[in-house]
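Undergrad: Can you read through this structure? Questions will come right after.
Each value in this text was obtained by applying a stated rule to the coordinates, not by laboratory testing. Please read all numbers here as calculations on a predicted model, not as lab measurements. Positions of Cβ are generated from backbone atoms using ideal geometry, with glycine treated the same way; all protein chains shown enter the neighbour counts.
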Amino acid sequence: MDPRLNWLSWIELDLAALRHNLAAFRSLLTPSTQLLFVVKANAYGHGLEPIVRAAASSVDAFGVHAIGEAEQVRQAGWQGRLLVMGGIARRELEAVVRLSLDVTVFDSGTVRLLDELGQARGASIPCHLKVETGTHRQGADPEDLPELLALLKGARGVRLEGLSTHFANIEDTTDHGYAQTQLARFRVIADEVRARGFNQVVRHTACTAAALTLPETTFEMVRLGIGGYGLWPSRETLASTRARSGERLELRPVLSWKARITELKWVEAGEYVGYGLSYRTGHRTRLAVLPIGYSDGYDRGLSGLAHVLVHGRRAPVLGRVCMNILLCDVTDVGEAKIEDEVVLLGTVDGESVGADKLAAWAQTIPYEIVARLSPTLPRVAVEDGAPIQQLR
Ligand SMILES: *Cc1c(COP(=O)(O)O)cnc(C)c1O
């Protein structure tokens, strides 16, 4: 039976689209460049375990932010390279060996602790030194490099596997001047690291936008996130990519979010709708109640601005988005019935509400739109619109 018939709201994942996107990025890279797929934040809200299982045969490595996420990736069955990109609490360090993780390091204190741990367990923990090149977020100060490299040189429980940095200004601009400056700083550092005897070190700097717009950032490994899910980081990245390459890289969104109408009613002209008296009907209005709200990840900033798709037609969101409820105007939609399917995010009959559109309405970025989708929404894999597998 189609599990969607039992649900009032759910997420559909087009796993063929995921594989298409990963293959498209793979085709941009030289054969020796590793593709690390970033699945932090519940795989950008898509659902970590199904995404890991579906992507496993298309990538060389996965990247997560935290240890808890790494644990889930291992539970999904991935045994290859798995990089933790964020910080690790000291009391969690033990899990690094247990789960065979690659870790990101920025400071000598952590390197010493990892070295002790590795030696105690007879392991050589692969670490990736992240260096500061101008983002001032996470990364070791270039001044501290000589000390860090000396420490790594003498270490037996930890080894320098990778060298990385992250760009500050690559997604939301078509001007890559600052990224070029960071890249030049990174090259100087990488050459020095190699000259000190770490000549096998895996250099990685590129996120989606860098891989698309500055191919010289790809080195030995790329950290691909949003593009793998079929979303463009921004309009600017889309414009830069189109301007750069004549060939058309087509990205296919993997995720759709749907809900069913739970209540329908007529509201007379001049009546208020929802909290805060923020909307008043201008005409007699057919109102549909949807059982989702900001707690499910439908941003409250979409109040009065967004529309959903009912039978492929646009139905404006009326009044404020509530915690679990959304109200929309289906007066012009034709015959709407209780339990009819509504598209909150996705495409139906050629009409679409993409993450980019929701992001523009909510004054945020597509990343936040998908990353905040509730992990508790049920998920189903679909192929050509038909359900193929219920996911956990
Ligand atoms: C999230 C993240 C990425 C992926 O970025 P996208 O823009 O989604 O491709 C890459 N590197 C680091 C360090 C990240 O935190």
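Undergrad: What is the extension gain from Ala195 to Arg314, computed as 0.36 nm multiplied by their sequence separation minus the C-alpha to C-alpha distance, in nm to one decimal?
TA: Once the chain is fully extended between Ala195 and Arg314, it gains 36.8 nm.
Undergrad: Moving on to the next point. Extent of region 25-86 along each principal axis, from alpha carbon coordinates, in Å, largest to smallest?
TA: That works out to 32, 22, 21 Å along the principal axes.
Undergrad: Here's something else I'd like to know. Can you tell which of Val193, Val158, Leu251 lies farthest toward the positive end of the dipole of the chain, using +1 and -1 charges on the Cβ of basic and acidic side chains (Lys, Arg; Asp, Glu)?
TA: Val158
Undergrad: Once you've got the GNM for the chain with C-alpha springs shorter than 10 Å, pick whichever of Arg223, Arg156, Arg372 has the biggest mean-square fluctuation.
TA: Arg156
Undergrad: May I ask you to compute the full-extension gain from Leu5 to Lys153, defined as 0.36 nm times their residue separation minus their alpha-carbon distance, rounded to one decimal in nm?
TA: Extending this stretch completely gives an extra 47.3 nm.
Undergrad: So which trypsin sites (Lys or Arg not before Pro) in region 92-151 pass both tests, a DSSP loop state and at most 16 other Cβ atoms within 10 Å of the Cβ?
TA: Arg137
Undergrad: Evaluate E = 1/(1 + (r/R0)^6) for Glu341 and Ala56, where r is the Cβ-Cβ distance and R0 equals 35 Å; express this FRET efficiency to the nearest 0.05.
TA: 0.70
Undergrad: Place a +1 charge on the Cβ of each Lys and Arg in region 1-124 and a -1 charge on the Cβ of each Asp and Glu, then give the dipole magnitude about the Cα centre in debye, rounded to the nearest 20.
TA: On the way: 12 positive and 13 negative charges, 25 e Å.
Computed about the Cα centre, the dipole is about 120 debye.
Undergrad: Among Val342, Val59, Thr331, which residue has its Cα positioned farthest towards the positive end of the charge dipole of the chain, with +1 placed on the Cβ of Lys and Arg, -1 on the Cβ of Asp and Glu, and the dipole taken about the Cα centre?
TA: Val59
Undergrad: Using 0.36 nm per residue of separation minus the Cα-Cα distance, give me the extension gain between Asp175 and Glu271 in nm, one decimal.
TA: Residue separation times 0.36 nm, minus the Cα-Cα distance, leaves 29.7 nm.
Undergrad: Now, a different point. Can you pull out the GluC sites (Glu not before Pro) in region 203-238 whose DSSP state is coil and whose Cβ has at most 13 other Cβ atoms within 10 Å? It would help to have the intermediate numbers written out before the result.
TA: On the way: sites: Glu216, Glu220, Glu236; in loops: Glu220.
Taking region 203-238 and a limit of 13 other Cβ atoms within 10 Å, no loop GluC sites (Glu not before Pro) are found.
Undergrad: Compute the Rg to Rh ratio over region 201-240 from the alpha carbon atoms, using the Kirkwood formula for Rh, and round to two decimal places.
TA: Looking at region 201-240, the ratio lands at 0.99.
Undergrad: Quick one: compute the contact order of region 32-179, relative version, from alpha carbon pairs under 8 angstrom and 6+ residues apart, as a percent.
TA: It rounds to 16 percent for region 32-179.
Undergrad: While we're here: Keeping to pairs on different chains or 8 or more places apart, tell me how many lysine pairs in the chain have Cα atoms under 19 Å apart. Numbers along the way, then the final one.
TA: Values: Lys40/Lys130; Lys130/Lys153; Lys258/Lys337; Lys258/Lys357; Lys265/Lys337.
Within the chain, the lysine pair count is 5.
Undergrad: Can you compute the radius of gyration and Dmax for region 254-392, using only the Cα atoms, both in Å?
TA: 14.7, 46
Undergrad: Continuing with the same structure: After finding the eigenvalues of the alpha carbon gyration tensor for the chain, what semi-axes result from the square roots of 5 times each, listed largest first in whole Å?
TA: The equivalent ellipsoid of the chain has semi-axes of 44, 22, 19 Å.
Undergrad: While we're on this one: For the chain, with only Lys/Arg (+1) and Asp/Glu (-1) charged at the beta-carbon, what is the dipole magnitude about the Cα centre, in debye rounded to 20?
TA: I would put it at about 420 debye.
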